[in-house]
Amino acid sequence: MIVNNNPIQGVIFDMDGTLVDSIPFHLQAWMIFLEKNGVSIREEDFHAQNHGTLQEMIMRFFPNEKSADRIYDLGEEKEETFRNLYKPHIEEVSGVTSFLEALRDQNKSIHLATMGEQDNIDYTLDLIEIRSYFHSLTGGHEVKNGKPDPEIFLKALEKAQIPAENAIVFEDSSGGIRAAKGAGIPVYGIATTHTPQELEGMGCQKAFLNFDEALNYFF
C-alpha cells in the first residue's frame, strides 16, 4: 500500500459509523436518554451538539451537574441505552473482516481510535468478532479532547509507533476527518452517514460505500 508516495505501515479505524453502521442507534439512544432525564431537544438541534467525548457531551446537556460521579453515571446510562437498542441489529459494514484479513496478510498494523468508551469498544469488537485483528485500541476515555481535536489520533500513532505519513485513517464524519487531518494522517471515508462526494468534500482522499470497495481499491 502506497499513499502520497509513502509506504503504509499501519491503518487506524474509527468505530461507530465506520466499522459498524451504528450512528442512527446512537441518535435514538440519546433522544430516549435525554427525554428520560428531562432534557428536551429536537433531533436537528442535537446534531450541532454531537461532538467531543462522552463526558463533554453529558456536561453540555447537563450544565448544572457538578458531581463527577453523577456525570459518569449519566454517561453509563446513555451507553447502556445504546447497547440495548443496537444489540439485535449489530453487524459489520460490508467487507470489514475481509479488509482486515487483507491488511493482516500484508503485515500491516491495525489500530482503533474511537470516541466510544471501553464498554462500547468491547461490545462492538466482540459481537462482530474482530478484536483479534487489532494491535491497539484507543477510546474516548483516554483523551481529554474529543474529535475534531487530533488528540485521539496522535495517541493512536504513539501506540502504533509509526509516523503519520506512514498511516491512513478510515472515518465517516466531519469531526473525525478534521481530527485525522489535524494529526497529519491521510483520511479515507466510509459512506454510512454521508455520501462519498460529501466525505471527499470534507477532506477525504477518497471515500467508499463500504469496505468491499476499499478492498478492491487498495488490494
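Laboratory data are not the source of any read-out in this text; all were calculated from the coordinates shown. Small disclaimer: the values here were computed from a predicted structure and weren't measured. Because the Cβ atoms are built from the backbone with ideal geometry, glycine has one as well, and the counts that use them run over all protein chains shown.
Between the alpha-carbon centres of the stretch 130-172 and the stretch 1-66 there is a gap of 16 Å. Ordered by the number of other Cβ atoms lying within 10 Å of each residue's own Cβ, fewest first, 129, 101 fall into the sequence 129, 101.
Principal-axis analysis of the Cα atoms of the chain puts helix 68-86 at an angle of about 60° to the longest axis. Each Lys and Arg Cβ is given +1 and each Asp and Glu Cβ -1; about its Cα centre, the stretch 78-219 then shows a dipole of about 340 debye. In order along the stretch 5-12, the phi-based Karplus estimate (6.51 cos²θ - 1.76 cosθ + 1.60, θ = phi - 60°) of 3J(HN,Hα) comes to 6, 10, x, 8, 9, x, 10, 10 Hz; Gly and Pro are listed as x. Out of all DSSP beta bridges in the chain, what portion is antiparallel? Express it as a percent rounded to 5. So the antiparallel bridges in the chain amount to around 15 percent.
How big is the dipole moment of the stretch 26-131 about its Cα centre under a simple scheme where the beta carbon of each Lys and Arg is +1, that of each Asp and Glu is -1, and everything else is neutral? Debye, nearest 20, please.
Values: 11 positive and 21 negative charges, 38 e Å.
Result for the stretch 26-131 is approximately 180 debye, rounded to the nearest 20.
Only DSSP H runs of four or more residues enter the estimate; each adds -39500 (n - 2.57), and after division by the residues of the chain the mean residue ellipticity at 222 nm equals -13000 deg cm²/dmol.
Between the residues 132, 190, 161, the greatest Cα displacement towards the positive end of the dipole of the stretch 127-198, with unit charges on the Cβ of Lys, Arg, Asp and Glu, is found for 161.
With all projection directions averaged, the alpha carbon convex hull of the stretch 24-86 covers 4.0 nm². Relative contact order of the stretch 1-138, taken over Cα pairs closer than 8 Å and 6 or more residues apart, is 36 percent.
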